[in-house]
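Read through the structure below, which is laid out as structure tokens, and then see the notes.
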Amino acid sequence: MGLLAELFDGHVATAQGDPRSLAAVMYPIEQSYVSRATESRRREFAAGRSLARQAMASLGVPQAAIPAASDRAPVWPAGIVGSISHCSGLCVAAVARESQDCSSIGIDVEPATPLDEDLLDTICDDDELRWLARQAEPGRGLLAKAIFSAKESVYKAQYPLSRQIIGFHAVSVALDMASGSFLARFRVDAEPFLSGYQASGRIAITSEFIATSVALKNVKEKAAQRELSA
Ligand SMILES: CC(C)(COP(=O)(O)OP(=O)(O)OC[C@H]1O[C@@H](n2cnc3c(N)ncnc32)[C@H](O)[C@@H]1OP(=O)(O)O)[C@@H](O)C(=O)NCCC(=O)NCCS
């Protein structure tokens, strides 16, 4: 487990592996998505599917294909939520049974290298830039990368519910490195998420990788309650 051990509560199963060495098997429908891709893309895609099935097996979920929608989002079996991420040398998958306690999940891994300074303004909003400026050097660039990763995790968790493409400034992230967690506040409406919605997530950093996760709870229930009381 290593890097992923602290990222989710027990109801979420995770798996990780190196796409370069993993013996990954794809279903024919999955193969069709990457038939014209490069060898390394085929490997990372296959690794994601295989690791997701490994995680599903540990939840007792029968093996099944995980097709990709036209927007590239994985199509999980009915009643399952999940997320996949890969970067050079690492692929991770997280899956859970959909429930009130688990509406959607997001996971992201990145190399533990500083965020390119040219990307700072694209990724970070003013609050995040001010917070970064108060952090000690060296280390700011890595924290900026953690903010980037947190936003990728939030994006992957929100997308299956909102089907909306939201930009990096749509969510503001406050990292708490002491507890290995973060709070992400929506700054836009992306139904069923309203501006002000807060999602909490976790961060793990090793010498090689940054990993972040988000598990959203009660999203549909809260939206339904809102409609009733409107
Ligand atoms: C979709 C996105 C998050 C994927 O990130 P990435 O840099 O390609 O890298 P990762 O390896 O971490 O993730 C790729 C996996 O995400 C999953 N994914 C792709 N699109 C997705 C979506 N719309 N929703 C959920 N998961 C998605 C797929 O499983 C994909 O792997 P696969 O193609 O092998 O199946 C990114 O490309 C993107 O479009 N970001 C939008 C902007 C953003 O992040 N905004 C932040 C707002 S808070």
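Quick notes on this structure:
- Considering the conditions (1) closer than 15 Å to Ser85 by Cα; (2) within 12 Å of the ligand (Cβ to nearest atom); (3) assigned to a helix (DSSP H, G or I), Pro19 is excluded by exactly one of them, (3).
- Positions within region 171-220 being more than 16 Å from Ala150 (Cβ to Cβ) and small (Gly, Ala, Ser), in sequence order: Ala190, Ser195, Gly196, Ser207
- Taking region 169-197 as the range and being assigned to a strand (DSSP E or B) and closer than 24 Å to Pro74 by Cα as the test, the residues that pass are Val171, Ala184, Phe186, Ala190, Phe193.
- Test: residue in region 53-68 that is charged (D, E, K, R), surrounded by fewer than 18 Cβ atoms within 10 Å (Cβ to Cβ), over 16 Å from Ala215 (Cβ atoms) and free of Cβ contacts under 8 Å to residues at least 24 places away in the same chain: no
- Index of the failed condition, Val154 passing every other in (1) among the hydrophobic types (A, V, I, L, M, F, W, C); (2) within 27 Å of Ser70 (Cβ to Cβ); (3) more than 14 Å from the chain's Cα centre (by Cα): (3)
- Close contacts from region 102-128, counting a first residue that is within 25 Å of Ala15 (Cα to Cα) and modelled with pLDDT of 95 or more and a second that is away from the ligand (no atom under 15 Å from the Cβ) and polar (S, T, N, Q), with Cβ to Cβ under 8 Å and a gap of 6+ residues or different chains, come to Ser103/Asn218; Ala112/Thr206; Ala112/Ser207.
- Of all the criteria given as (1) charged (D, E, K, R); (2) in contact with a helix residue (DSSP H, G or I) (Cβ under 9 Å, 6 or more places away or on another chain); (3) surrounded by 15 or more Cβ atoms within 10 Å (Cβ to Cβ); (4) more than 12 Å from Ala65 (Cβ to Cβ), the one not satisfied by Glu44 is (2).
- Residue match in region 121-141 (condition: under 18 Å from the mean Cα position of the chain (by Cα) and away from the ligand (no atom under 13 Å from the Cβ)): no
- Pair list, Cβ under 6 Å, 6 or more apart: region 75-89 residue under 15 Å from Ile105 (Cβ atoms), other residue within 10 Å of the ligand (Cβ to nearest atom) and charged (D, E, K, R): Ser83/Lys156; Ser85/Asp108
- Residue that is nearest to the ligand (Cβ to nearest atom) [pool: residues in region 85-102 that are in contact with an Asp or Glu (Cβ under 8 Å, 6 or more places away or on another chain) and in a loop (DSSP other than H, G, I, E, B)]: Gly89
- Restricting region 111-168 to residues that are in a helix (DSSP H, G or I) and among the acidic types (Asp, Glu), the residue that is nearest to Leu216 (Cα to Cα) is Glu152.
- Applying a threshold of 6 Å to beta carbon distances and a minimum spacing of six or more residues, or different chains, the list of pairs starting in region 134-162 at a residue that is farther than 20 Å from Ser179 by Cβ and ending at one that is part of a helix (DSSP H, G or I) and more than 8 Å from the ligand (Cβ to nearest atom) reads Leu161/Val219.
- Among the candidates Arg140, Arg202, Arg163, residue that is at pLDDT 95 or above, touching a Gly at 6+ places or on another chain (Cβ under 9 Å) and of a type in the set (Lys, Arg): Arg202
- In region 169-198, the qualifying residues are those that are more than 10 Å from the ligand (Cβ to nearest atom) and under 16 Å from Leu7 (Cβ atoms), and the one that is surrounded by the most Cβ atoms within 10 Å (Cβ to Cβ) is Phe182.
- Among the numbered conditions (1) surrounded by fewer than 16 Cβ atoms within 10 Å (Cβ to Cβ); (2) under 14 Å from the mean Cα position of the chain (by Cα), the only one that Phe148 does not meet is (1).
- Test: residue in region 153-168 that is more than 11 Å from the ligand (Cβ to nearest atom), of a type outside the set (Gly, Ala, Ser) and touching a helix residue (DSSP H, G or I) at 6+ places or on another chain (Cβ under 9 Å): no
The values are calculated or read from the model by the stated rules, or taken from the named source; none is laboratory data. Everything quoted here is computed from the prediction, not taken from an experiment. Note that each Cβ is placed from the backbone with ideal geometry, even for glycine, and that neighbours are counted across all protein chains shown.
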